[in-house]
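Single-structure report; data block below.
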Amino acid sequence: MGGPDPTSELERDTLTGLPVVGVARARLRDWLEDANGDDEAPLVHAALLGLRRFETINLAYGESAGDVALAEVARRLNRFLEDDIEGEWMLARGRGGHFVIIARGPCSRERWEWLAEELADSIALPINANEGVLRLSPRIALLRVLANERADTALDRLGIALTSLQRDQNRRVQWADGEEALIGRSGAQLEADLLRAIDRDEIEILFQPQYSLSDNALVGAEALARWQHGELGLIGASALFTIAERADHLMPLSRHIAMRALELASEWPAHLRLSLNVTPADLADNRFAAQLLNVLRQTAFPPQRLTIEVTEHALLGDLRTAQRSLQQLAEQKIEIACDDFGAGFCNFRYLKVLPIGAIKLDRSMVEGVLDDSRDLEVLRAIIALGKALRLKLIAEGVEDEALRVLLADEGCDTYQGFLGGQPMSSRQFLELIRP
């Protein structure tokens with residue numbers, strides 16, 4: 001949720017770790033009371049996401065597969081909202097396959113609807129589970145809370161809209177009470193906008209600092225992409241790559257980001273590393289390794305200071321091609337990191353067949369370890385596995401000092417998160433390096 005979450009364990013869903021819907025209702029009530037009679041108060045938006053015919057997942061594959069799907073949906077929602085929501089927000093788990101999103105801050109009706117469509121695309125991506133590849137059919141009801149409206153009334157309106165939408169085989173997004181959104185950018189317009197943005201170098205590269213856990217020294221940063229669209233506002237990495245995929249322009253976007261990030265990082269001191277994310281389209285292309293090595297030569301960035309982060313989703317396609325590409329990169333001393341480890345199915349076979357040098361623990365693997373002994377034991381088991389395989393351990397989502405200290409004591413090597421700094425511009429990162 002936009003900042004540290006004070007929600008107690010009793011108010012959390014045990015499967016996803018998210019606040020229960022009652023917490024979101026109380027938060028929405030507080031926001032509306034704050035805005036009562038204040039014309040300058042930030043607008044409040046809400047959304048209710050449901051999974052159409054979700055019960056068939058449990059029937060066809062078993063409840064354990066349904067649990068895997070719900071946990072992955074929660075992870076994707078969190079990641080998307082962190083990337084793309086400006087202002088305060090909260091994500092909560094409702095009954096069954098329902099999730100509630102509330103947000104207050106700068107957001108037009110067009111942007112709220114666009115965000116919902118992109119979010120639906122993200123949730124519809126296949127999910128790998130023991131029982132097979134799962135595919136979900138999301139539906140999202142939207143509203144902009146009316147002046148003097150009560151929280152319960154707003155959530156009731158969302159529920160009614162979602163019930164209607166669940167019966168529709170074609171539509172995925174609908175405004176509550178039959179309201180229609182203002183006409184925004186069409187998909188084709190947005191894809192054309194993206195091509196122009198790449199050509200004009202309008203995709204901004206941000207850097208999130210990474211620190212050593214042993215002495216809290218700055219050791220590098222992960223490169224992240226953002227796009228400030230003229231009409232829709234901030235478009236984060238998740239939505240940016242979804243748009244690029246629809247436009248069949250993933251590879252040019254990925255190459256552009258790699259080139260710009262490596263150019264900027266070439267100004268850093270020699271002890272700092274750069275981490276770059278890899279897309280499924282990258283790994284499916286047998287030219288990927290050669291092209292990346294060529295970009296390294298052009299930017300004069302040393303390969304041994306580069307980490308390539310690969311998610312499990314990126315490996316769901318042609319594993320043999322991915323294996324060849326990653327092996328070529330590893331032979332040039334580029335570090336290969338398994339990203340979002342612990343968030344999905346966690347196929348340990350990847351640690352055997354790929355030249356993995358680091359595992360990056362997803363925030364869901366570390367956020368409960370201070371309060372839950374079972375979470376801590378799971379973390380210890382993963383750390384033990386990593387040490388046995390001589391892998392570097394990187395923790396994501398570190399937001400407070402107590403968690404940093406615990407991870408250091410348990411043997412993790414590196415961390416990133418709001419405690420160390422939010423994603424920042426290249427200029428801000430240079431100022432961090434040279435205060």
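The values are calculated or read from the model by the stated rules, or taken from the named source; none is laboratory data. From a predicted model like this one, the values you see are computed outputs, not experimental measurements. Cβ: placed from backbone, ideal geometry, glycine included. Neighbour counts: every protein chain shown.
Figure legend. Inter-residue proximity from the range 157-178: first residues basic (Lys, Arg), second residues modelled with pLDDT of 80 or more, beta-carbon distance below 6 Å, spacing 6+ or different chains. Indicated pairs: ARG157/LEU143; ARG157/ALA176; ARG172/ALA120; ARG172/ARG139. Scan the range 269-296 and report the pairs whose first residue is of a type in the set (Phe, Trp, Tyr) and whose second residue is assigned to a helix (DSSP H, G or I), with Cβ atoms within less than 6 Å and a gap of 6+ or a chain change. Filtered contacts from the range 269-296: PHE288/ASP282; PHE288/SER325. As for the range 139-153, it holds at least one residue that is closer than 27 Å to GLY62 by Cα and touching a residue at least 60 places away in the same chain (Cβ under 8 Å). Are any of the residues in the range 238-251 in contact with a helix residue (DSSP H, G or I) (Cβ under 8 Å, 6 or more places away or on another chain), closer than 22 Å to ASN294 by Cβ, surrounded by fewer than 19 Cβ atoms within 10 Å (Cβ to Cβ) and not acidic (Asp, Glu)? The answer is yes; a qualifying residue exists.
Tell me whether the range 394-403 contains one or more residues that are in the same structural domain as ALA270 (by TED's automatic domain parsing), within 24 Å of the chain's Cα centre (by Cα), of a type in the set (Asp, Glu) and over 17 Å from GLN208 (Cα atoms). Yes: the range 394-403 contains one or more residues that are in the same structural domain as ALA270 (by TED's automatic domain parsing), within 24 Å of the chain's Cα centre (by Cα), of a type in the set (Asp, Glu) and over 17 Å from GLN208 (Cα atoms).
Evaluation of LEU48 against the conditions (1) buried (at least 17 other Cβ atoms within 10 Å of the Cβ); (2) assigned to a helix (DSSP H, G or I) shows that the sole unmet condition is (2). The set of residues from the range 401-431 being of a type in the set (Phe, Trp, Tyr) and surrounded by 19 or more Cβ atoms within 10 Å (Cβ to Cβ) comprises TYR415, PHE429. If you check LEU81, LEU162, LEU77 for being assigned to a helix (DSSP H, G or I) and more than 22 Å from ARG29 (Cα to Cα), only one passes: LEU77. Scanning the range 160-194 for residues that are touching a His at 6+ places or on another chain (Cβ under 9 Å) and modelled with pLDDT of 85 or more returns LEU162, ASP193, LEU194. Among the residues of the range 204-218, those identified as surrounded by fewer than 20 Cβ atoms within 10 Å (Cβ to Cβ) and either over 16 Å from LEU264 (Cα atoms) or touching a His at 6+ places or on another chain (Cβ under 7 Å) (or both) are SER212, SER214, ASP215, ASN216, ALA217, LEU218. Among the residues of the range 377-395, which ones are in a helix (DSSP H, G or I), surrounded by 14 or more Cβ atoms within 10 Å (Cβ to Cβ) and touching an Asp or Glu at 6+ places or on another chain (Cβ under 8 Å)? Selection gives LEU379, ILE383. Considering each residue of the range 81-91 in turn, none proves to be modelled with pLDDT under 85 and in contact with an Asp or Glu (Cβ under 9 Å, 6 or more places away or on another chain). The set of residues in the range 265-313 being under 30 Å from LEU125 (Cβ atoms) and basic (Lys, Arg) consists of ARG273, ARG287. Remark: GLY220 matches the filter, which requires a residue to be modelled with pLDDT of 85 or more and assigned by TED's automatic domain parsing to the domain that holds LYS360.
Does ALA225 satisfy being at pLDDT 85 or above and of a type in the set (Gly, Ala, Ser)? For ALA225, the condition - at pLDDT 85 or above and of a type in the set (Gly, Ala, Ser) - is met.
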